[in-house]
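The values are calculated or read from the model by the stated rules, or taken from the named source; none is laboratory data. If you're wondering where the values come from, they're calculated on a predicted model, not measured in any experiment. FYI the Cβ positions are ideal-geometry reconstructions off the backbone, even for glycines, and counts take in every protein chain you see.
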Amino acid sequence: MFIHKPVLLEQALTLLGGQGRELVFVDATLGEGGHAEAFLSVGPRLVLYGVERDEQILERARQRLDHFGRRVRLFRLDFFEFFRSFSQLVDKPPQRIFFDLGVSMFHYRAGKRGFSFSRNEPLDMRLDIEKGVSAAEIVNTSSEEELRQLILRFGEERYAAMISRAIVGERERGDIESSKRLTEVIWNAVPPSYRHGRIHPATRTFQALRIAVNRELDLLEATLPVAFEHLTVGGRMGVISFHSLEDRIVKRFFQERNKSCTCPPESPICQCGGQRRARILTRKPVRPTDEEMRKNPASRSARFRVLEKIA
């Protein structure tokens, strides 16, 4: 049985913990509850709302956090649905909002939904298996150009054209329904020199499919402003991202809320009468230490940004 290791845990506790204070804390990406358990342990007056759309993961977190009793309320929703319906679900605004955008190791090691290119599993990749289309549906029904664009945009894969062409060719022999078969197609499609690089040649394509299947970037971009509106003045929002596409969205959102003027750049004078709404607490994203990366290699690409709402 593997144990999930929360990423950047000490840094998150330092910047978001509020030890000893009475806090309403939203863990918008509860996962297996590792960060949530730590926040609850150091904050005896902290009340936590945990949000998770994957039923299997939510049940693991429920068992982990059960001993905290009424200090924990769990919601099976994606984070956009939660914040969109926040006022109907809870009666107190949060002083802390936390997002850890990484995919739980459970999915790679035990989820059996095709997240890992190193296992032979059904090619699904949905976090909520009751909604949306699977990775297999995308792989087997998209045109070559649609696949190329998807792999290029969400995976930033240099060989997107070669991979998409190979996928479409392989489909003529029958639908691609397993992670193993898709991995083999990708391996054979790319140049030999690319097969033995720093990362496996299927890494970026699998990332692209996972992002597309779960609408990860769209949901993040839509959720951040809605969540910020519910945050109390003086409250803090922290986001851990794991690749440049996520971090770009977070960075841009933080910078926009840090501005005192929101007029278009071409406007000669300020007409919005706006005021600065947030203060960025992390001038540069917080990164894991060498020791953490050594103990938990999954943390190596993590970036942590935090802002404080001031108006």
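Is there a residue being touching a residue at least 40 places away in the same chain (Cβ under 8 Å), part of a loop (DSSP other than H, G, I, E, B), closer than 25 Å to SER134 by Cα and over 23 Å from the mean Cα position of the chain (by Cα) anywhere in segment 176-185?
yes
So which residues in segment 158-175 are assigned to a helix (DSSP H, G or I), within 21 Å of GLU121 (Cα to Cα) and not aliphatic (A, V, I, L, M)?
Residues satisfying the conditions are SER164, GLU170, ARG171.
Quick one: which of VAL47, VAL42 is within 21 Å of GLY234 (Cβ to Cβ), modelled with pLDDT of 95 or more and either more than 19 Å from the chain's Cα centre (by Cα) or not β-branched (Val, Ile, Thr) (or both)?
Exactly one of VAL47, VAL42 is within 21 Å of GLY234 (Cβ to Cβ), modelled with pLDDT of 95 or more and either more than 19 Å from the chain's Cα centre (by Cα) or not β-branched (Val, Ile, Thr) (or both), namely VAL47.
Select from segment 137-157 the residues that are over 14 Å from ARG204 (Cα atoms) and in a helix (DSSP H, G or I) and list them in ascending order.
If the condition is that a residue be over 14 Å from ARG204 (Cα atoms) and in a helix (DSSP H, G or I), then GLU137, ILE138, VAL139, ASN140, THR141, GLU144, GLU145, GLU146 are the ones that fit.
Could you pull out the residue among ARG277, ARG294, ARG252 that is of a type outside the set (Ser, Thr, Tyr) and surrounded by 14 or more Cβ atoms within 10 Å (Cβ to Cβ)?
Of the residues listed, the single one that is of a type outside the set (Ser, Thr, Tyr) and surrounded by 14 or more Cβ atoms within 10 Å (Cβ to Cβ) is ARG277.
Across segment 107-136, which residue is farthest from the chain's Cα centre (by Cα) among those that are surrounded by 15 or more Cβ atoms within 10 Å (Cβ to Cβ) and not in a loop (DSSP other than H, G, I, E, B)?
ALA136
Quick check: anything in segment 128-139 farther than 16 Å from ILE57 by Cβ, modelled with pLDDT under 95 and not assigned by TED's automatic domain parsing to the domain that holds ARG60?
There is at least one residue in segment 128-139 that is farther than 16 Å from ILE57 by Cβ, modelled with pLDDT under 95 and not assigned by TED's automatic domain parsing to the domain that holds ARG60.
Can you name the residue in segment 217-249 that is touching a residue at least 60 places away in the same chain (Cβ under 8 Å) and β-branched (Val, Ile, Thr) and is also surrounded by the fewest Cβ atoms within 10 Å (Cβ to Cβ) among such residues?
This residue is VAL233.
Which of the numbered conditions does ILE199 fail, given that it passes all the others? Conditions: (1) within 18 Å of the chain's Cα centre (by Cα); (2) assigned by TED's automatic domain parsing to the domain that holds LYS180; (3) surrounded by fewer than 17 Cβ atoms within 10 Å (Cβ to Cβ).
Unmet condition: (1).
Just wondering, is there one or more residues in segment 241-256 that are outside any strand (DSSP E or B), of a type in the set (Lys, Arg), modelled with pLDDT of 95 or more and closer than 21 Å to GLU145 by Cα?
No, segment 241-256 has no match at all.
Quick one: which strands (runs of 3 or more DSSP E) sit completely within segment 44-100 and have at least 2 residues that are among the hydrophobic types (A, V, I, L, M, F, W, C) and more than 26 Å from ARG303 (Cβ to Cβ)?
The strands (runs of 3 or more DSSP E) meeting that bar are 72-75.
For GLU146, only one of the following conditions fails: (1) assigned by TED's automatic domain parsing to the domain that holds LEU281; (2) at negative phi. What is its number?
Only one criterion in (1) assigned by TED's automatic domain parsing to the domain that holds LEU281; (2) at negative phi is unmet by GLU146, namely (1).
What are the residues in segment 12-48 that are small (Gly, Ala, Ser) and in contact with an Asp or Glu (Cβ under 6 Å, 6 or more places away or on another chain), if any?
ALA36
Out of curiosity, is ARG276 part of a helix (DSSP H, G or I), touching a residue at least 12 places away in the same chain (Cβ under 8 Å), under 14 Å from LEU307 (Cα atoms) and not assigned by TED's automatic domain parsing to the domain that holds ILE129?
no
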